[in-house]
1. Can you tell me which residue within region 11-51, out of those that are hydroxyl-bearing (Ser, Thr, Tyr) and assigned to a helix (DSSP H, G or I), is nearest to LYS149 (Cα to Cα)?
2. Keeping to region 116-141, report how many residues are touching a strand residue (DSSP E or B) at 6+ places or on another chain (Cβ under 9 Å) and outside any loop (DSSP other than H, G, I, E, B).
3. Quickly run through region 133-152 and pick out the residues that are aliphatic (A, V, I, L, M) and under 15 Å from the mean Cα position of the chain (by Cα).
4. Do you know which residues across region 105-132 are surrounded by 15 or more Cβ atoms within 10 Å (Cβ to Cβ), under 15 Å from GLN90 (Cα atoms) and over 12 Å from the mean Cα position of the chain (by Cα)?
Amino acid sequence: MNVSEQWTLVTADIERAIKEGIERREDSIRRGLKDKFPFKGTPEEQERARREQDIQSKGSEIAAQRFWKLEYPVGPTGSFHSPDLGTNVQIRWSKYYTAHLSIYGKHGTRAQDDLSHYYVLITGEIPVFSFRGWVRGREVRASWWEPDKHVWWVP
């Protein structure tokens, strides 16, 4: 994969990202899942930001699915630990082009990310996403570990 590759979602993909992103958020609420990082603002602003994040994240997964020409559906809608693509690929999204890929270690009750999976960083916002790079979890370097955040921060 060329890390400068981009993918633009079509209208049907955008509609799917919205629908499945909202389903993901509603599933999180039903299951009582907490955010890894809190959002700022009023409760209404926080909820709007959470929904937007889930929609954009789902959009990045759809972009990856289309890029690799995988059949629909790919990955469970409401899961944060199951693979997003196939049996061992996790998509990590950020709207920031200069973002780092994050792979989470065990912290409190949160399970560690599966180090046998591949992790792909995609940046951008609907409708255009950029593929930034990937790493297999077991190839993370000790120098990338951020102990205060319990995360491997891959440049």
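1. Just the residues of region 11-51 that are hydroxyl-bearing (Ser, Thr, Tyr), to begin with: 11, 28, 42.
Still in the list and also assigned to a helix (DSSP H, G or I): 11, 28.
On the way: THR11: 37, SER28: 22 Å.
The residue in question is SER28.
2. Step one: of region 116-141, the residues touching a strand residue (DSSP E or B) at 6+ places or on another chain (Cβ under 9 Å) are 116-124, 127-137, 140-141.
So of that shortlist, the ones also outside any loop (DSSP other than H, G, I, E, B) come out as 118-124, 128-137.
Total satisfying the criteria: 17.
3. Answer for region 133-152, where residues must be aliphatic (A, V, I, L, M) and under 15 Å from the mean Cα position of the chain (by Cα): VAL135, VAL151.
4. GLY105, ASP113, ASP114, HIS117, TYR118, PHE131, ARG132
Matching residues to (1) of a type in the set (Phe, Trp, Tyr); (2) within 24 Å of LEU85 (Cβ to Cβ); (3) open to solvent by less than 80 Å² (accessible area, probe 1.4 Å):
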{"residue": "GLN6", "(1), (2), (3)": "no, yes, no"}
{"residue": "LEU9", "(1), (2), (3)": "no, yes, yes"}
{"residue": "LYS19", "(1), (2), (3)": "no, yes, no"}
{"residue": "ARG24", "(1), (2), (3)": "no, yes, yes"}
{"residue": "ILE29", "(1), (2), (3)": "no, no, no"}
{"residue": "PRO43", "(1), (2), (3)": "no, no, no"}
{"residue": "GLU47", "(1), (2), (3)": "no, no, yes"}
{"residue": "ASP54", "(1), (2), (3)": "no, yes, yes"}
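The values are calculated or read from the model by the stated rules, or taken from the named source; none is laboratory data. Bear in mind that the values here come from a model prediction, so they are computed numbers and not experimental data. In this analysis, Cβ positions are derived from the backbone assuming ideal geometry, glycine residues included, and neighbour counts consider all displayed protein chains. The area values use the complete protein model at the heavy-atom level, side chains included, leaving out ligands, DNA and RNA. Shrake-Rupley method; radii C 1.70, N 1.55, O 1.52, S 1.80 Å.
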